[in-house]
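The values are calculated or read from the model by the stated rules, or taken from the named source; none is laboratory data. Please read these numbers as outputs of a predicted model, since none were measured by experiment. Glycine also receives a Cβ, built like all others from the backbone with ideal geometry; neighbour counts cover every protein chain displayed.
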Amino acid sequence: MYPNPNTYPRVILKGTLFKKSQQKRRTSPCNYKERYFILNTEDLTYSERRPGKKPIQKGCIELCRIKCVEIVRSDVPIPCEYKYPFQVVYDSYYLYMFAPDNDCRLKWVRALKEETKHNKLFSTYHPDFWGDGRWRCCGHMEKLAPGCSEYYPTGTASKKPLPPTPDPQRRYSCSEQKVVVAIKNFKPVEKTDIPLHKDEEYIVIDTSEPNWWTVQDKDGNVGMVPCLYITEKFSNDIEKYEWYNKDITRAEAEELLMKESKEGAFMVRDSRQAGAYTVSVFTKAPGSNGEKNPRVKHYKVRQTENEDGKFYLAEKYLFSTIPELINYHQYNAAGLITRLRHCVCQDRGNSPRIEEIVSEKWEVDPDELSLGKELGCGQFGVVLEGFWNGKKVAVKTVREDAMSEEEFKEEAKIMTKLSHPKLVKLYGMCMQRSPMCLIFEFLENGCLTDFLRSKKGSFKPEDLLGMCLDVSEAMDYLESSNFIHRDLAARNCLVSEKLEVKVSDFGMTRPVLDDLYVCSTGSKFAMKWSSPEVINHTKFSSKSDVWSFGVLMWEIYSEGRLPYEYRSNAEVIESLNAGQRLLQPRLCPETVYQLMQWCWKEKPEDRPSFALLLHQLASLADF
Ligand code: ADP
């Protein structure tokens, strides 16, 4: 008897595509394999084809199990030849398939959608990839989290964002109108979000959520956006900034700043030359010519001569507006004697700055925090285990003599602005009791150096590469946020229960390093992690972080050994000047050692950016 053509599975499509391994465990390898796919009326099968041999079937998905088929919209580099991804979600699994071109991708997506349109389908889906423990589209850390975009079972996904649904419970905490500007584009991820368009202005409505503020766009749409993507409105109308002092002479500026007598006290004033501005800064730091007395230094705001006329101070860190330039130097000295810490003004207005509003939101009630055993001892004080808000936390206390309250608040403020899955998360701070403390997410496996040493001999190549990749992700984020870590080393990284490595101490290192900078004898520098330009000229940049990252990769592949173990700092400097570098660790593949050597190029501009390092490491991890 012949099979009934109406019931026998009919082949709909077949062809070669790539598929990504489904990585059920964090340590299982991530790879992209070429497979021969056949879609018929009952299932989707894929097999490995070997020349001259029978194909081996590697998988079969019954169509009735499929819940969503959609193209993947992503900007991640795709490390296989076929660059057009789409996803097939079945049971609780995600199969990522890659087509050679968009037509082929649409052909597969349409055919699969057609065959599954009567299934019990998802109403929402994730438009971007799942990777590194989070959804790239919405940042959700749960793989099975419901989708963040509407799923259309017929046709392909619309690019149109979901309309914002105003929240009737919204609290208006700020009576005064604050205007912010988007520094990046943002695509809504939740129904309550609105998109951000770079350089457009928004009115701040509610700041009661620390990371997500409610804003209103120019068309009156109200919704939530990530704080990190917005900044105070900068314009060249500098008169409204509290750091600007109109009609003040150089002598008056010096008098005001000397009276304030705080390291980094600063103001912007008119230069004698009409239309030009000067930044005056108070410092106690010894100068290169041996000056030791507290004094005021004056930096002229310069402009490049090309048509853009970008602004800069001591070195060529260029900005379109003076407020942007000041904002940058409030976080980075970048050639100045000190960074701009406290603005001084003849008649300070009394409207709170956005940062001040933020820091209030981070205050933790000491009664809600319980403290446990000591975890370790840090540079500023002891680190304790704690319990807060239903979870285990790490509490970093700060000795009174280690940092002033003002300095502490300022550093904490920096940390509240930075948020990334591979940065140790700050939950809040406690200023109301002594000693002051910062409350961080708890990472079960503690400091990376200790972890590497204690588990020596047990690491697989992908574990070591995964650690480098984690750190490069955090650093790529810091680099793109214009933030310099300055003390990147394994001792300043922590390890989670899932063996993820997260970068810590990204806001706390600055005052310590500034003090060292003040001493400038070099003796206390984390010399063995420092680039030549930091050692010779204390010149920090993202590229000096890149050098330290090379040393950190070396620490990882040496399973926690101390770099240049038996050499003094002076010997290290001598060998670096002679062009010598750390040797290739036994466990380190040639490809990774080449990246380390790239990080240790003499000239900062010859070193890769973190974006490039991340890309390179990710492609090594994929094969
Ligand atoms: P510092 O950088 O100020 O010297 P550390 O951050 O190194 O201090 O903290 C000292 C020790 O406390 C670390 O080596 C680690 O063992 C422990 N520790 C610090 N932060 C955490 C955290 N978030 N989770 C778990 N342990 C931590």
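Here are the numbers for the structure shown:
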quantity	calculated
Hits in the stretch 38-56 - residues which are in a strand (DSSP E or B) and either under 38 Å from the mean Cα position of the chain (by Cα) or exposed (fewer than 13 other Cβ atoms within 10 Å of the Cβ) (or both)	46, 56
Breaking point among (1) in a helix (DSSP H, G or I); (2) more than 21 Å from residue 471 (Cα to Cα); (3) at pLDDT 80 or above, for residue 410	(3)
Subset tally (residues that are of a type in the set (D, E, K, R) and either at pLDDT 95 or above or closer than 25 Å to residue 76 by Cβ (or both)) for the stretch 564-601	4
Residues (crowded, with 20+ Cβ neighbours inside 10 Å, in contact with an Asp or Glu (Cβ under 8 Å, 6 or more places away or on another chain) and among the charged types (D, E, K, R)) located in the stretch 533-583	543, 545
Scan of the stretch 410-425 for residues that are in contact with a strand residue (DSSP E or B) (Cβ under 6 Å, 6 or more places away or on another chain) and within 13 Å of the ligand (Cβ to nearest atom), ordered by number	415, 423, 424, 425
Close pairs from the stretch 578-592: first closer than 17 Å to residue 467 by Cα, partner buried (at least 17 other Cβ atoms within 10 Å of the Cβ), Cβ under 6 Å, at least 6 apart	585/557; 585/558; 587/557; 588/557; 591/620
Candidate set from the stretch 13-37 (those that are at pLDDT below 90 and buried (at least 16 other Cβ atoms within 10 Å of the Cβ)); member that is farthest from residue 109 (Cα to Cα)	30
Residue within the stretch 155-165 that is farther than 28 Å from residue 17 by Cβ, at pLDDT below 80, over 21 Å from the mean Cα position of the chain (by Cα) and among the basic types (Lys, Arg) present	yes
